[in-house]
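The values are calculated or read from the model by the stated rules, or taken from the named source; none is laboratory data. Since the structure is predicted, the reported quantities are computational estimates derived from the model, not experimental observations. Don't worry about glycine lacking a Cβ; one is built from the backbone with ideal geometry, like all the others, and counts go over all protein chains shown.
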Amino acid sequence: MTDKNIPIIETVDLHKSFGSLQVLKGINEKIYSGEVVTIIGPSGGGKSTFLRCLNLLEEPTSGTVYFEGNALDSKSTNLNQHRQKIGMVFQLFNVFPHLTALENITITPILEKKIPKEQAEKEAMELLRQVGLEDKANEYPRKLSGGQKQRLAIVRAMAMHPDVMLFDEPTSALDPEMVKGVLNVIKGLAESGMTCVIVTHEMGFAREVSDRVLFIDGGIVAEEGTPEEVFDHPKNPRTKEFLSQVL
Amino acid sequence: MGKGILEVFIQYWPVFLQGALGTLKFAAIAVLGGTVVGTLVSILHLSKNRLLSGFAGVYVNVLRGTPLLVQMYISYFFIPMVIPALNSIDKIYYVLFALTLNSSAYVSEVIRGGINAVDKGQTEAARSLGMSAKNCMIRIILPQAIKNILPALANEYIAMIKETSLAGTFMCYELMYTRTLLANKYLVWQPLFIIAAIYLVMTLSLSWLVKVLEKRMSVSD
Ligand SMILES: Nc1ncnc2c1ncn2[C@@H]1O[C@H](COP(=O)(O)OP(=O)(O)O)[C@@H](O)[C@H]1O
Ligand SMILES: [Mg+2]
């Protein structure tokens, strides 16, 4: 489906400002198929903004985001169709409270991909089973724990058969005992070959799953490399300082 | 002092009843019409197009920032003046027109508020899945907004019951107009208390009904 030489996501000189606040100051990154990239860095450094630019939830002030070779902001690009292939998981889950777990998963495939309801439900049940939620299919989200909501949010995105998954601090809002279940689901995805971009404060997890780690600070990628390079031999003093605070 | 309040009510209750029914009818028409127009206005107001949302903003501000009575007078005298073809229409429609537009401004704010109160994360999740803006609004946002909107709309109806009293100024047969009718029979003060009592019964019982329905809705939530 995708040419291995074309990055799934490429950002070119990506800038983003909110009013006079410059949040992203020129980010050039390429993320290739099958890669697992984690993003670490201090709060307010622009990690979420960067991630949200990748599916144009935030519109870049300048610079371009390419998805599978297509400029996302181009007039001729069908943004909705591209977004279907870019799954996103949010810190606060954002599951749909008025829909059951099953409907949360099936609504978009049925509406936007015209998948027959029966088929969509069959697939959704299989996804729920994979994350241990098959008995919650007909529950509304208010009956689910935080960890269950987040696992639901992950399979909701997976039901669109994305080519890449973006995670924005997927476990930051969870009670400690829920974290592991969610991280295991993400790890499973990563190991199955799904391209993942993960903003996280879970350093052990980042070290374990990443092919590449980006340290974003002050709106730029201040350091990047393999987990060993970044965690064990950081070059940038800012990285060292950050790691000494969180490790 | 003349006759007592009870005596007047017993003698003239059909007059008051007709007035009360007129009031309920006017309020219903204004709120129903106001809901249709107000929905459109709120859609304009929420639109990304600056011109459309700006127009809606001005519309809402003008109608909420000027007295309903003034709006009724303008509608009543000015519209037939500039569009003579409309002269043959029953005058009551001019009053209803002003009531409806006035109501639409408040209703559009109720709807806009209800939509804005839905967590932004809901839109972000839906759009990140690749859902179109239209489907996101219809399938994700509105079903959640409706829970905020319905009780507020009911309250708007209750408020409108009081507002319609101004229509009596233009000899539309609603509750307040019964004052004029009975003043002709030299009953000046008694009808006022009866009218006040009937308004109170109508608004309080409707408020009560709204509360009951709200409780039902939150149980099914
Ligand atoms: N929608 C917004 N409007 C204004 N400022 C914002 C907005 N989103 C983020 N910011 C600001 O941008 C900076 C970076 O935020 P963010 O990307 O969320 O950082 P991180 O995820 O690394 O903590 C912060 O100073 C934040 O306050
Ligand atoms: Mg963040």
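Across region A:59-80, the number of residues qualifying as within 15 Å of ligand 1 (Cβ to nearest atom) and assigned to a helix (DSSP H, G or I) comes to 0.
Need pairs with beta-carbon distance below 7 Å; first residue more than 14 Å from chain B (Cβ to nearest Cβ) and within region A:14-29, second among the charged types (D, E, K, R) and within 16 Å of ligand 2 (Cβ to nearest atom); sequence gap 6+ or separate chains. Taking only residues 6 or more apart or on different chains, the pairs are A:LYS16/A:GLU58; A:VAL23/A:LYS16; A:LEU24/A:LYS16. Scoring B:MET217 on the criteria (1) under 28 Å from A:PHE93 (Cα atoms); (2) surrounded by fewer than 18 Cβ atoms within 10 Å (Cβ to Cβ); (3) at pLDDT 90 or above leaves a single failure, condition (3). Among the residues of region A:99-121, is any in a strand (DSSP E or B) and under 23 Å from A:LEU152 (Cβ atoms)? Within region A:99-121, not a single residue is in a strand (DSSP E or B) and under 23 Å from A:LEU152 (Cβ atoms).
In region A:136-147, the residues that are over 19 Å from A:THR171 (Cα atoms) reach residues that are in a loop (DSSP other than H, G, I, E, B) with C-beta atoms within less than 6 angstrom, at least six apart or across chains, in these pairs: A:ASN138/A:THR100; A:TYR140/A:THR100. Considering only region A:31-58, state which residues are more than 14 Å from ligand 1 (Cβ to nearest atom) and in a strand (DSSP E or B). Result: A:ILE31, A:VAL36, A:VAL37. Tell me yes or no: at least one residue of region B:93-114 is surrounded by 14 or more Cβ atoms within 10 Å (Cβ to Cβ) and within 14 Å of another protein chain (Cβ to nearest Cβ). Within region B:93-114, one or more residues are surrounded by 14 or more Cβ atoms within 10 Å (Cβ to Cβ) and within 14 Å of another protein chain (Cβ to nearest Cβ). The C-beta contact set for region A:38-66 (first residue within 18 Å of A:GLN81 (Cα to Cα), second residue basic (Lys, Arg) and within 11 Å of ligand 2 (Cβ to nearest atom), distance under 6 angstrom, 6+ apart or interchain) comprises A:GLU58/A:ARG52.
Just so you know, in region A:65-88 the residues that are at the interface with chain B (Cβ under 9 Å from one of its Cβ atoms) and among the aliphatic types (A, V, I, L, M) include one that is surrounded by the most Cβ atoms within 10 Å (Cβ to Cβ), and it is A:ILE86. So is B:GLY130 closer than 26 Å to A:ASN94 by Cβ, surrounded by fewer than 16 Cβ atoms within 10 Å (Cβ to Cβ) and at pLDDT 95 or above or not? When the stated conditions are applied, B:GLY130 does not pass them. Of the residues making up region A:81-111, those that are without any contact (Cβ under 8 Å) to a residue 40 or more places away in the chain and either over 22 Å from A:CYS53 (Cα atoms) or of a type in the set (Phe, Trp, Tyr) (or both) are A:LEU102, A:GLU103, A:ILE107, A:ILE110, A:LEU111. Restricting attention to region A:208-228, and to residues there that are part of a helix (DSSP H, G or I) and surrounded by 17 or more Cβ atoms within 10 Å (Cβ to Cβ), which single residue is farthest from ligand 2 (Cβ to nearest atom)? Applying the filter and picking the extreme gives A:PRO227.
So that you can scan it fast, the table gives a plain yes or no per residue for (1) within 28 Å of A:LEU144 (Cβ to Cβ); (2) at pLDDT below 95:
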| residue | (1), (2) |
| --- | --- |
| A:CYS53 | no, no |
| A:THR64 | no, no |
| A:ASN70 | no, yes |
| A:ASP73 | no, yes |
| A:ILE86 | yes, no |
| A:LEU92 | yes, no |
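Scanning region A:39-64 for residues being more than 16 Å from ligand 2 (Cβ to nearest atom), more than 14 Å from chain B (Cβ to nearest Cβ) and either surrounded by 20 or more Cβ atoms within 10 Å (Cβ to Cβ) or within 17 Å of the chain's Cα centre (by Cα) (or both) gives a total of 1.
Residue count for region A:99-112, restricted to those that are crowded, with 21+ Cβ neighbours inside 10 Å and not aliphatic (A, V, I, L, M): 4. Within region A:69-80, is even one residue touching a residue at least 24 places away in the same chain (Cβ under 8 Å) and either touching a His at 6+ places or on another chain (Cβ under 7 Å) or away from ligand 2 (no atom under 16 Å from the Cβ) (or both)? Yes: region A:69-80 contains one or more residues that are touching a residue at least 24 places away in the same chain (Cβ under 8 Å) and either touching a His at 6+ places or on another chain (Cβ under 7 Å) or away from ligand 2 (no atom under 16 Å from the Cβ) (or both). The condition (being more than 16 Å from ligand 1 (Cβ to nearest atom), under 23 Å from A:ILE31 (Cβ atoms), modelled with pLDDT of 95 or more and part of a strand (DSSP E or B)) is satisfied by just one residue among A:MET165, A:MET160: A:MET165. The set of residues from region A:137-156 being aliphatic (A, V, I, L, M) and either more than 21 Å from B:GLN144 (Cα to Cα) or in a loop (DSSP other than H, G, I, E, B) (or both) comprises A:ALA137, A:LEU144, A:ILE154, A:VAL155.
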